Amino acid sequence: MKNIVFVLGEYYPNFSAVGKCAYRVASELAVDNSVKVICLKSSAKEKRKEIFNNQMIIRANTNEYGIREKLADKAKNSPKYKKIFYKTLYNIFRAQKAMQLLFSKTTINKEKVNAFYKSLTEIQDEIDIIIPCCFPMESVIASILYKKTHSKVKLVPYLFDPFTESLSLHRLQLNKIIKRKNHLNLEKEMLKYADKVIVMKHLYSFFTKNFDYDDKIIPAEHPLLSNQCNGNNYDGALRFVYTGIFHSKVRHPKLFLQLMDYALKEMSAELNIY
């Protein structure tokens, strides 16, 4: 039995997309291993520690998130004029943090890194494997810091999203270009300390092009590890379901909608978009 620790963003009960993918893997590993998941709190009401599906969930928190949640709550529940006041404070606080990140050397939230690292050091059992999942990249940075002082631990980052090339993360094309060298250095350090790095197939060419660590990089698809389809329960019409985001630069909806518009005219079907 191995002691395996995942480090990631939002997890149970409010899963992020990465959290849901990691959950598939963690659930399988938890059958025969001790699995702990360090994640970020998505609500002040959530417990610091909790057992879920054979996994010990350890929730990290930051002062930034605590302030944002309090301001958002006051903006939601205060009388009219106070509501405007707190909503303004909330937006100013968000803008301030965004500007700090924008003008930093890297697009890394140090408070998140510290929160993840502190949670790792609080685990008393000897850790065999750490699997930090990106996004957020802060999970990877914190795990590298832990690896530097615990050389025996195996480090296996699991990358679902781009970091250096992410325009949505860096917000501005110019910001992405200015910080590119520093971000490449962070990913190079990750590869240096990692035993293996699992990357989504669409990220594989980026890593093989920019780094000389081909022996460490494992391309993978999204983890569909359970079969939840039971028979062909059709009632005469097909249902297509899209869940996720659209983005003008990352995932523009035009081609998809044109395709579906053509398809729906040729068959008895409907499209649901969430």
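The helices (runs of 4 or more DSSP H) located wholly in segment 49-147 that include 3 or more residues which are of a type outside the set (D, E, K, R) and open to solvent by 80 Å² or more (accessible area, probe 1.4 Å) occupy 80-102.
If the condition is being open to solvent by 90 Å² or more (accessible area, probe 1.4 Å), farther than 14 Å from residue 108 by Cα and touching a helix residue (DSSP H, G or I) at 6+ places or on another chain (Cβ under 8 Å), then segment 151-172 contributes only 172. Within segment 213-256, the set of residues being surrounded by fewer than 10 Cβ atoms within 10 Å (Cβ to Cβ), outside any strand (DSSP E or B) and at pLDDT 90 or above comprises 215, 221, 254, 255. Screening the candidates 267, 200 for the property of being hydrophobic (A, V, I, L, M, F, W, C) and at pLDDT 90 or above yields one hit, 200.
Close Cβ contacts (under 6 Å, 6 or more residues apart or on different chains) running from residues in segment 1-23 that are open to solvent by 70 Å² or more (accessible area, probe 1.4 Å) to residues that are at pLDDT 95 or above and assigned to a loop (DSSP other than H, G, I, E, B) comprise 1/33; 2/33; 2/128. Residues that are in contact with a helix residue (DSSP H, G or I) (Cβ under 9 Å, 6 or more places away or on another chain) and among the basic types (Lys, Arg) within segment 193-211 are absent altogether. All conditions in (1) closer than 17 Å to residue 135 by Cα; (2) modelled with pLDDT of 95 or more hold for residue 195, with the sole exception of (1).
Taking each residue of segment 201-220 that is free of Cβ contacts under 8 Å to residues at least 60 places away in the same chain and looking for partners that are part of a loop (DSSP other than H, G, I, E, B) and acidic (Asp, Glu) with beta-carbon atoms closer than 9 Å, six or more apart or interchain, yields 201/221; 203/161; 203/165; 206/165; 207/214; 208/214; 216/195. How about segment 96-144: which of its residues are hydroxyl-bearing (Ser, Thr, Tyr) and without any contact (Cβ under 8 Å) to a residue 40 or more places away in the chain? Across segment 96-144, the qualifying residues are 104, 117, 121. Would you confirm, using the coordinates I've provided, whether residue 36 is closer than 30 Å to residue 1 by Cβ and either in a loop (DSSP other than H, G, I, E, B) or among the β-branched types (Val, Ile, Thr) (or both)? The answer is no for residue 36. Within segment 173-182, is even one residue open to solvent by 60 Å² or more (accessible area, probe 1.4 Å) and closer than 26 Å to residue 22 by Cα? No, the conditions are met nowhere in segment 173-182.
The values are calculated or read from the model by the stated rules, or taken from the named source; none is laboratory data. None of these values were measured; they are calculated from a predicted model. Positions of Cβ are generated from backbone atoms using ideal geometry, with glycine treated the same way; all protein chains shown enter the neighbour counts. These accessible areas exclude ligands, DNA and RNA; they are computed on the full protein's heavy atoms, side chains included. Shrake-Rupley method; radii C 1.70, N 1.55, O 1.52, S 1.80 Å.
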